[in-house]
Amino acid sequence: MALKITVIGTGYLGATHAAAMAELGFEVMGLDVVPEKIDKLRRGEVPMYEPGLEELLRRHVAGIEGSTGRLRFTMDWAELGEFGDVHFVCVNTPQRHGEYACDMSYVDSAIASLAPHLKDPALVVGKSTVPVGSADRLAAYLAEHAPAGADAELAWNPEFLREGFAVQDTLHPDRIVVGVRSERSEKLLREVYATPVEEGSPFVVTDFPTAELVKTSANSFLATKISFINAMAELCEATGGDVAKLAEAIGYDDRIGRKFLRAGIGFGGGCLPKDIRAFMARAGELGADQALTFLREIDSINMRQRGRMVELTRQELGGGPFLGKRVAVLGATFKPDSDDVRDSPALNVAGQIHLQGGQVTVYDPKGMDNARRIFPTLGYADSALEAVRGAHVVLHLTEWQEFRELDPAELGEVAAERVVLDGRNALDAEAWRRAGWRFRAMGRPGA
Ligand code: UDX
């Protein structure tokens, strides 16, 4: 009989995982503790902007015309426990307020709510990013609190999806990593992922701590690459070099690779910043903090970029205070193709300038509602053109395709001054200069 799958937590990770499991042919039940989210999902609506996700969901949510009906949602733990053979835990693990460590309370409460309903043998699979050692602790908890006892097993299966590519990354993962303690768990997970494995996704079987560490070390490596190139951008600025050329040239060495070497205002979002901090905090608890002191530097290089962008803007405005200066900000989300503004470098820069007296007007293709919610005092415009109208300087802070397609000549007509600063090294400098703009980018020679 086909496996029945449940997904606990329906944020980015869970909503995508649930829809993808239905797409792979399984009967799926998703659970969330927030009623509004469940209501939306039942109507086939996605609570965030993620390309392709709504279509995928609508193809499977029960009750939607023409759907396979394989995907249902509930808020009832008993129903979920009864239904599933394999339960995926996809709740978030945010940074704890005022600390580096991550907040495990959502994972802990998901496991505590589920355990009493595991009467038959079941596999609980953690997907959330957790401090190493959590799986060990949670497995013991399950064995003790589930009526099925030791037959309520745990596995750890970290998730590597990128926002903006969540559907593709989930259906066609570049690797599947499973931390397991029994052949039965491995067999079940091989069954769950049979389709992507057949299509060529490598399937890596590990113990618990390795599976947990794979995720945090992958994110640390990516963060390191970005901060490395941003440190080189600082050197380029000090010497007149060009970091974009430098990245291209070192990237041809395939041991280095060209990806994740775009200098600019740095990384943000709900994952990289908090994951490297939680990793440092956990290493400290384990007495291995020295091994990760380099991540402190990665973090501070990254945070410094935001301040450097503010200073570059100040310089271009003549070096004084921002009072009376109109600043257009293109981009609010932490990356393109997402509406996520969590720890967004773009909003951080916009906020700093605003708090120093600048008149900031922000435009973002998808992030306006979320940006307004967390930063209601910034100015907002309905289009790039409106944001730029009357501006003394234009900041390009999130590399949406829409911004690369802007016509610099048209924008030049409405701007008060033709000065553009590219915080993402993604605009065509020559095209802007041809249209009469003074063009500056981080780590690149000036106009
Ligand atoms: C990341 C990991 O990539 C993913 O595998 C993990 O599961 C979750 O965390 P995500 O948060 O979606 O995914 O964003 P990512 O694409 O990694 O970008 C992170 C940040 O780095 C963005 O703010 C982006 O603008 C920035 N970035 C990326 C750079 O500044 N330069 C680059 O070259 C690449």
Test result for residue 387, outside any strand (DSSP E or B) and within 22 Å of residue 325 (Cβ to Cβ): yes
Enumeration of residues in segment 340-357 that are more than 9 Å from the ligand (Cβ to nearest atom), buried (at least 21 other Cβ atoms within 10 Å of the Cβ) and outside any helix (DSSP H, G or I): 341
Subset of segment 28-60 (residues that are free of Cβ contacts under 8 Å to residues at least 24 places away in the same chain and closer than 19 Å to residue 172 by Cα): 54, 55
Pick from segment 94-127, criterion under 30 Å from residue 289 (Cα atoms) and crowded, with 21+ Cβ neighbours inside 10 Å, ranking: nearest to the ligand (Cβ to nearest atom): 127
Residue count for segment 232-274, restricted to those that are buried (at least 18 other Cβ atoms within 10 Å of the Cβ) and of a type in the set (A, V, I, L, M, F, W, C): 13
Odd one out for residue 201, checked against (1) of a type in the set (Ser, Thr, Tyr); (2) within 16 Å of the ligand (Cβ to nearest atom); (3) assigned by TED's automatic domain parsing to the domain that holds residue 345: (3)
Subset of segment 128-142 that is in contact with a helix residue (DSSP H, G or I) (Cβ under 6 Å, 6 or more places away or on another chain) and under 19 Å from residue 6 (Cα atoms) - its residue that is nearest to the ligand (Cβ to nearest atom): 129
Any hit, segment 162-171, residues being within 13 Å of the ligand (Cβ to nearest atom), in the same structural domain as residue 130 (by TED's automatic domain parsing), buried (at least 16 other Cβ atoms within 10 Å of the Cβ) and of a type in the set (S, T, N, Q): yes
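In this structure, does residue 331 turn out to be more than 15 Å from the ligand (Cβ to nearest atom) and either in contact (Cβ under 8 Å) with a residue 12 or more places away in the chain or surrounded by 24 or more Cβ atoms within 10 Å (Cβ to Cβ) (or both)? Give the derivation first.
On the way: more than 15 Å from the ligand (Cβ to nearest atom): no; either in contact (Cβ under 8 Å) with a residue 12 or more places away in the chain or surrounded by 24 or more Cβ atoms within 10 Å (Cβ to Cβ) (or both): yes.
In short, no.
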Filtered residue count, segment 146-161, keeping only those that are closer than 14 Å to residue 185 by Cβ and within 16 Å of the ligand (Cβ to nearest atom): 2
Selection within segment 264-293 - among the hydrophobic types (A, V, I, L, M, F, W, C) and near the ligand (Cβ under 10 Å from one of its atoms): 265, 267, 271, 272
Number of positions in segment 241-263 that are under 22 Å from residue 446 (Cβ atoms) and more than 10 Å from the ligand (Cβ to nearest atom): 8
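Give me a count of the residues in segment 108-122 that are over 17 Å from residue 150 (Cβ atoms) and in contact with an Asp or Glu (Cβ under 9 Å, 6 or more places away or on another chain).
0
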Residue that is surrounded by the most Cβ atoms within 10 Å (Cβ to Cβ) [pool: residues in segment 390-405 that are part of a loop (DSSP other than H, G, I, E, B) and over 26 Å from the mean Cα position of the chain (by Cα)]: 391
Every pair of residues 6+ apart whose Cβ atoms lie under 7 Å, when the first sits in segment 260-278 and is more than 18 Å from residue 423 (Cα to Cα) while the second is near the ligand (Cβ under 7 Å from one of its atoms) and among the hydrophobic types (A, V, I, L, M, F, W, C): 272/222; 273/267
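The values are calculated or read from the model by the stated rules, or taken from the named source; none is laboratory data. All values derive from a computational prediction rather than experimental measurement. As a convention, Cβ positions derive from the backbone with ideal geometry for all residues, glycine included, and neighbour counts pool all protein chains shown.
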